[in-house]
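The values are calculated or read from the model by the stated rules, or taken from the named source; none is laboratory data. Here the structure is a predicted model, which means the values were calculated and not measured. Neighbour counts are summed over all protein chains in view; Cβ atoms, including those assigned to glycine, are modelled from backbone coordinates with ideal geometry.
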């Protein structure tokens, strides 16, 4: 008896090393996408541990190729994630959702997805996974569903990949739902890294927006949080 | 008496150093955009003289800032413009238009425009000029009007620049029309560089698609071609 996997298609997964992208990778694998390629970006982010986490996750999932693209986003300035301004701490949800936060990196997802699109064209891959999330999204405009849809349309028109599909399986899920789903898929969350402002020893700060959303997500999911927080 | 310039808005012009982008810069200036910023990309292209031409043109037009973004597109391979494959020579128009040519760089305009978008966000600029051309375009999918429109829409949704406008003033013009328009605006075409495969001495090869379209354009426009061709 043979099992035909209708969805045995290659895919590229954007793998930042955070909780969402790791879950995305597990979902792509669970959906039968094969082979899987992963892409991470070195854009001078102060949370360098993300890149290490990304590499470790790619190895754990035995992806076909993990590629780190170096981007000099520092030239664009203006964001706490790549400059020396202070990362906001201990904000409540109203504050997080009030406006585009200073941790916003200009057009970040657009630049990342453009590189993924170029790689997709070289590899003859149509499916690109991105772990964006429209609910617990900290107010970034490039995480909204209408943006994802517009990028997909642009990509189909601008390349030879007329069947290009941008998959954002976490789009409408809360952080707690993502964690529950990932836990069922066996995602090793202890290997993921989300903190925007980790202390020198590589643990998570526990107070930036990303840490607060992560803590809340685990608490609401009723799943033990394997993250080591500084305080 | 004071003259109010309604269109005195800042703009970013993508300035490759070729004929089209130089004309675009002159058009932006002629439309009263001020100040003007220019952006060029170093992506390992074998036609390096373009970058020199771009810098010289930016100086000639006294732009506020000229920025060269380094992109490692060589990692994507697969294109004659960035690899060691031979650039096609002496092709007729039917051959040029038959299919996506091997000089196509995967998702090139999408990556370029993504960086321009990021810079636009930092500078608070809404207008980005790109010299794409849907007629004499050598078959690149990311030169088509529907692509330009889709990018603009995506950009508005994905950033804080909800009024982002992608200006492609050469979109529906032939090379001859572009050259006539630029000549009226005083574009120093002798400083521009289009060749895909220039010999070591920096003149144009005279036989690649870009040289052939350029020669034909000057001939049809009835404007003397200031370009130095090798043969």
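For this structure, a couple of remarks:
- Residues of the range A:16-58 satisfying the condition of being surrounded by fewer than 17 Cβ atoms within 10 Å (Cβ to Cβ) and more than 22 Å from residue A:71 (Cα to Cα): A:30, A:32, A:34, A:35
- Any hit, the range B:128-148, residues being at pLDDT 95 or above, farther than 20 Å from residue B:66 by Cβ and in contact with a strand residue (DSSP E or B) (Cβ under 8 Å, 6 or more places away or on another chain): yes
- Selection within the range B:177-210 - without any contact (Cβ under 8 Å) to a residue 40 or more places away in the chain and surrounded by fewer than 23 Cβ atoms within 10 Å (Cβ to Cβ): B:184, B:190, B:199, B:200, B:201, B:203, B:206
- Taking the range A:115-140 as the range and being more than 24 Å from residue A:193 (Cβ to Cβ) and either at the interface with chain B (Cβ under 7 Å from one of its Cβ atoms) or in contact with a helix residue (DSSP H, G or I) (Cβ under 9 Å, 6 or more places away or on another chain) (or both) as the test, the residues that pass are A:117, A:118, A:120, A:121, A:122, A:125, A:126, A:127.
- Scope the range A:127-165; condition farther than 19 Å from residue B:147 by Cα and assigned to a loop (DSSP other than H, G, I, E, B); matching residues: A:130, A:131, A:132, A:133, A:134, A:135, A:136, A:137, A:138, A:139, A:140, A:144
- Once the range A:152-165 is narrowed to residues that are within 14 Å of chain B (Cβ to nearest Cβ) and over 16 Å from residue B:106 (Cβ atoms), the residue that is farthest from the chain's Cα centre (by Cα) is A:153.
- Being free of Cβ contacts under 8 Å to residues at least 40 places away in the same chain, surrounded by fewer than 22 Cβ atoms within 10 Å (Cβ to Cβ) and over 15 Å from the mean Cα position of the chain (by Cα) is true of residue B:231.
- Of all residues making up the range A:173-201, the number that are part of a loop (DSSP other than H, G, I, E, B) and either under 19 Å from the mean Cα position of the chain (by Cα) or modelled with pLDDT of 95 or more (or both): 13
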